[in-house]
Amino acid sequence: MSEDLWSGTPGQSLAVAQLQAAVANPVHAYLLLGPAGAGTRSAARSFAAALLCPDGGCGTCNHCTRAMALHHPDLIVPRHDGPGWRVDEIREIAGQAQRRPLEAARTVILLADAHLLGGAAPALLKTLEEPPVTTTFILLADDLPRSLETIRSRCAEVRFELLNQQAIIEILEHDGLDPERAAEIAEGAAGDAIRARLLVADPGFASRLARWRGVPQRLDGTGRTVVAIVEEIQASLDEAVAPLVAHHVAELAELDAQAKELGLRVSGRKELLDHHKREIRAYREGEIRAGLGVLARAYRVDLAAAVAAGADPAVVVAMARVDAISRYVTVMRRNPRPSLSLERLLLALC
Ligand SMILES: [Zn+2]
């Protein structure tokens with residue numbers, strides 16, 4: 001088994017090992033669970049190649065290279081048209097699952113966005129439970145709502161955690177960035193490789209990072225300062241999403257032009273707008289998470305200094321601050337609109 005085949009998924013050795021071990025004798029369905037920026041997509045592609053390769057993923061043969069390029073006749077990669085999967089789309093996939101492989105020993109179906117199955121999930125269940133022996137499903141999901149527990153229970157689950165900074169640095173260096181810049185960007189990437197790549201092209205990123213680093217010095221215990229800082233952060237979030245918004249505008253224009261050319265009434269516009277809204281919200285959350293990560297690291301430096309100096313009261317204070325931030329981040333991950341406001345968190349850090 002080639003290491004090269006899996007080199008696109010650094011920092012996920014546990015998940016990758018689990019998938020590699022599954023290649024020789026795969027079950028009928030796998031669920032790769034984790035944020036998109038953690039590398040689930042590239043891992044799924046490598047896994048598909050390994051399943052189609054007669055040598056379990058040599059990384060160089062015709063099967064491997066075509067599967068990695070998503071151009072293998074026995075690798076089916078369906079896409080959903082709208083913001084989520086529709087029943088008719090899932091029925092079609094269920095039909096494809098019955099087909100015999102053309103060249104490889106099996107058919108692999110790589111189904112992304114399984115968290116968007118919604119009402120179409122029942123149409124997939126039976127196939128997922130007993131597909132033909134030559135068909136293997138690889139499902140990808142950012143997170144699985146409880147309503148899709150039935151899907152989860154029919155799959156072997158492989159979890160992907162957010163990446164650590166070193167893994168992000170490796171990805172960026174692999175992209176050709178110099179080590180210093182890679183390290184700087186990794187600090188603001190919040191464990192998300194997709195976000196890291198967007199930051200590379202983001203000129204305002206360094207100043208936003210500097211603002212978060214400067215927060216501890218500015219906190220003076222007054223509500224007025226906290227409000228001012230939060231206002232600046234909100235403004236910087238608007239600045240941060242600007243490149244994404246520009247990309248969305250271009251995408252919409254393209255959709256409209258296409259519809260005009262085909263003489264169609266604009267279709268899919270609302271779905272695209274919804275998708276854009278979700279992307280922007282997720283990006284803003286990532287930005288806040290990254291900022292809080294920078295803040296937590298600043299307080300961890302205080303903590304280390306206090307421990308080294310044997311200053312017990314300072315240790316207690318620094319620990320409480322690091323804890324408060326990590327609790328806030330945990331709550332934020334579960335609930336995009338945490339009940340505890342950023343203002344209250346900053347006041348607690350004073
Ligand atoms: Zn191969």
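Numbers below:
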item	result
Selection count where residues are outside any helix (DSSP H, G or I) and surrounded by 22 or more Cβ atoms within 10 Å (Cβ to Cβ), scope the range 174-196	5
Residue match in the range 94-103 (condition: within 16 Å of the ligand (Cβ to nearest atom) and either among the acidic types (Asp, Glu) or touching a Ser or Thr at 6+ places or on another chain (Cβ under 7 Å) (or both))	yes
Among the candidates Glu251, Glu271, residue that is under 30 Å from Asp113 (Cβ atoms), touching a Pro at 6+ places or on another chain (Cβ under 7 Å) and modelled with pLDDT under 85	Glu271
Residue within the range 43-50 that is within 13 Å of the ligand (Cβ to nearest atom), free of Cβ contacts under 8 Å to residues at least 24 places away in the same chain and not acidic (Asp, Glu) present	no
Residues being of a type in the set (Lys, Arg) and under 18 Å from Phe47 (Cα atoms) - total across the range 104-137	1
Residue match in the range 60-70 (condition: of a type outside the set (Ser, Thr, Tyr) and more than 11 Å from the ligand (Cβ to nearest atom))	yes
Qualifying residue in the range 203-210 (condition: of a type outside the set (A, V, I, L, M) and outside any helix (DSSP H, G or I))	yes
Any hit, the range 71-89, residues being within 10 Å of the ligand (Cβ to nearest atom), under 26 Å from Leu116 (Cα atoms) and of a type outside the set (Lys, Arg)	no
Index of the failed condition, Ala210 passing every other in (1) under 20 Å from Ala298 (Cβ atoms); (2) exposed (fewer than 11 other Cβ atoms within 10 Å of the Cβ); (3) outside the structural domain of Asp302 (by TED's automatic domain parsing); (4) not polar (S, T, N, Q)	(3)
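The values are calculated or read from the model by the stated rules, or taken from the named source; none is laboratory data. For clarity, every value in this text was computed on a predicted model and none was experimentally measured. All Cβ positions, glycine included, derive from the backbone under ideal geometry; neighbour counts span all protein chains shown.
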